[in-house]
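Before any comments, here is the structure.
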Amino acid sequence: MEPRFTIRVYGLLLHQGSVLVADELIKGQRITKFPGGGLEFGEGLKDCLIREIREEIGVEALDPEHFYTTDFFQQSTFHSDPMQVVSVYYTFRVADPNAISLVTEPFAGINGPGDQEVFRWWRIEGGREEDLSLPIDKVVWGMVRAK
């Protein structure tokens with residue numbers, strides 16, 4: 001089988017010393033990551049971010065600004081076939097951060113089978129890289145903390 005690529009687009013919503021993270025149950029695995037998802041064919045990167053944020057969080061992503069694009073090889077965590085992940089990260093804002101439905105504890109309210117997702121604020125001060133699940137998110141986390 002020929003190696004393939006997947007392009008993922010993620011958003012960094014910063015608010016009062018915190019960043020929004022998603023706790024997801026994906027194929028039975030607990031994953032903590034930044035909100036976002038896969039680019040669809042024919043879609044622009046910013047359009048993907050706006051769509052993913054609207055679908056996942058239920059708010060409009062405003063003023064997206066490029067933050068980082070993967071500059072190293074990363075094999076997909078979720079595919080056993082050769083699949084390289086290229087991730088693009090944007091910062092964005094929302095009109096009202098208080099309009100986002102949040103949990104206060106990791107994976108709070110996630111029960112039973114099937115993919116599920118909840119969101120929470122994660123303090124930048126004191127946040128630990130090892131609490132993120134995806135390798136590229138860990139690199140981005142270091143960049144967020146450095147700013």
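Just so you know, all these numbers are worked out from the coordinates, no wet-lab data involved. Please read these numbers as outputs of a predicted model, since none were measured by experiment. Note: ideal-geometry Cβ built from the backbone for every residue, glycine included; neighbour counts use all protein chains shown.
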Open item on the list: Against the definition (crowded, with 18+ Cβ neighbours inside 10 Å, within 22 Å of Gly142 (Cα to Cα) and under 17 Å from the mean Cα position of the chain (by Cα)), how does Tyr10 come out, yes or no?
Closed with: yes
- [ ] Those residues that are of a type in the set (A, V, I, L, M) and closer than 17 Å to Phe119 by Cα, I need them from region 24-55; list them, please.
- [x] Leu25, Ile26, Ile31, Leu49, Ile50, Ile53
Open item on the list: Going through Lys147, Lys138 one at a time, which residue ends up being free of Cβ contacts under 8 Å to residues at least 12 places away in the same chain and more than 14 Å from Val21 (Cα to Cα)?
Closed with: Lys147
Task: Residue identified as surrounded by fewer than 13 Cβ atoms within 10 Å (Cβ to Cβ), out of contact with any Ser or Thr (no Cβ under 6 Å at 6 or more places or on another chain) and not polar (S, T, N, Q) among Glu24, Glu55 - done: Glu55
Open item on the list: I'm told Val86 meets every condition in (1) surrounded by 12 or more Cβ atoms within 10 Å (Cβ to Cβ); (2) under 24 Å from Lys27 (Cα atoms); (3) out of contact with any Phe, Trp or Tyr (no Cβ under 8 Å at 6 or more places or on another chain) except one. Can you identify the failing condition by its number?
Closed with: (3)
